[in-house]
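First up is the structure itself, then whatever we jot down about it.
The values are calculated or read from the model by the stated rules, or taken from the named source; none is laboratory data. Fair warning: this is a prediction, and the values are worked out from it, not measured in the lab. Glycine also receives a Cβ, built like all others from the backbone with ideal geometry; neighbour counts cover every protein chain displayed. Ligands, DNA and RNA are excluded from the accessible area calculation, which covers all protein heavy atoms including side chains. Shrake-Rupley method; radii C 1.70, N 1.55, O 1.52, S 1.80 Å.
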Amino acid sequence: MAINNALILIVEDEPEIADIIAAYMSREGFRTITAGDGRVGLEHHLRLRPDLVVLDIKLPGQDGYEVLAAIRRRGDTPVIMVTALAEDLDKLQALRIGADDYVVKPFNPLEVVARAKAVLRRTMGRGSEQVLRVGPLSVDPQAYRVEVESPTGAVALELTRTEFRILAHMAASLGKVFERSELVDACLPEGEALDRTVDSHVSNLRRKLAAVGADGLLTGVRGVGYRLDSPHG
C-alpha cells in the first residue's frame with residue numbers, strides 16, 4: 001500500500017484539534033477517522049486496523065498511556081503521541097510503552113503530517129523483508145521477533161521496539177560499523193533522537209543478548225559506533 005493511502009486513526013477529545021489534524025492529513029491523501037475517547041479509539045483500532053494512530057494522552061476514561069498499552073498488546077500499529085505534556089518523564093513513559101514518536105501541543109499541523117509520513121516510511125512494507133540470521137540469532141522484521149537458538153531449542157528475546165529496530169537495522173548490514181548518528185536517524189523516534197540514547201539502548205540490547213548466550217555479536221568500535229557481526233567475523 002502507498003503511504004499516502006494509509007488510514008490514520010486520530011484519538012483526540014478536543015474536536016477542533018481532531019478536525020485540524022484530520023484536515024491536514026486528508027490534504028496529503030491520507031484516509032482518516034476520529035475518536036473522542038480511548039474506548040471508542042480502541043474499538044476503531046480493533047475493527048478498522050489503521051496504519052497509524054495519532055493519540056492524545058489526556059483523554060476521558062482511559063488515558064493515552066492505557067490506550068497505547070492496549071494497542072501494543074494487540075500488535076505493532078505505529079503510534080504518535082500528541083499532547084500538551086512536555087516533561088521528559090512523560091515522553092520517556094510514552095516511548096517506553098511503545099510510542100513511535102511524540103509531538104507536543106501547541107504544534108504545527110504540518111509537523112504532525114511530516115512525523116506521520118516518517119513513521120509510515122519506517123513501518124510500512126515490512127511484508128517483503130526476509131528473516132535475517134546472525135549466528136544463533138534469527139531476526140524477523142515482519143513479525144518483530146528475535147529468537148536465539150540454544151541446545152534446548154529456540155528462545156524468544158524480549159526487546160523494546162527501539163532495541164529491535166537497532167538490531168534489525170544492523171543485522172541487514174553485517175560487519176558494517178554504524179555511527180551513532182546513523183542509528184539515531186534510522187531507528188529512533190524524533191523525541192528520543194540523542195546520540196547518548198543510542199548508547200543506552202545498545203547497552204540494554206547487549207545485556208539481553210548476553211543473558212541468552214549471544215554475547216560478543218554486538219560490539220563497540222571506539223570513537224566510531226557499533227558493529228553487529230557473526231560469531232566467526
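Descriptive notes on the structure:
- Among L92, L46, L157, residue whose mean-square fluctuation peaks in a GNM of the chain (springs only between Cα atoms under 10 Å): L46
- Solvent-accessible area assigned to carbon and sulfur over the chain amounts to 48 percent, based on a 1.4 Å probe.
- Once both labels are positioned 7 Å from their Cα atoms along Cα-to-Cβ, the gap between R133 and E66 label points is 4.6 nm.
- Computed with every protein chain present, the accessible area of E158 is close to 140 Å² [probe 1.4 Å].
- Residue-normalised accessible area of the chain, given per residue in Å² at a 1.4 Å probe: 49
- Measuring nothing but alpha carbons in the chain and taking Rh as the Kirkwood radius, the Rg to Rh ratio lands at 1.00.
- Placing unit charges on each Cβ (+1 for Lys and Arg, -1 for Asp and Glu) gives the chain a dipole about its Cα centre, and among A171, V104, T197 the Cα reaching farthest toward its positive end belongs to A171.
- Remark: relative contact order (the chain) = 14 percent; criterion is Cα-Cα distance under 8 angstrom and separation of 6 or more residues.
- Rg to Rh, two decimals, where segment 132-228 supplies the alpha carbon set and Rh follows Kirkwood: 0.94
- Note on K58: accessible area is roughly 130 Å² with a 1.4 Å probe, heavy atoms of protein only.
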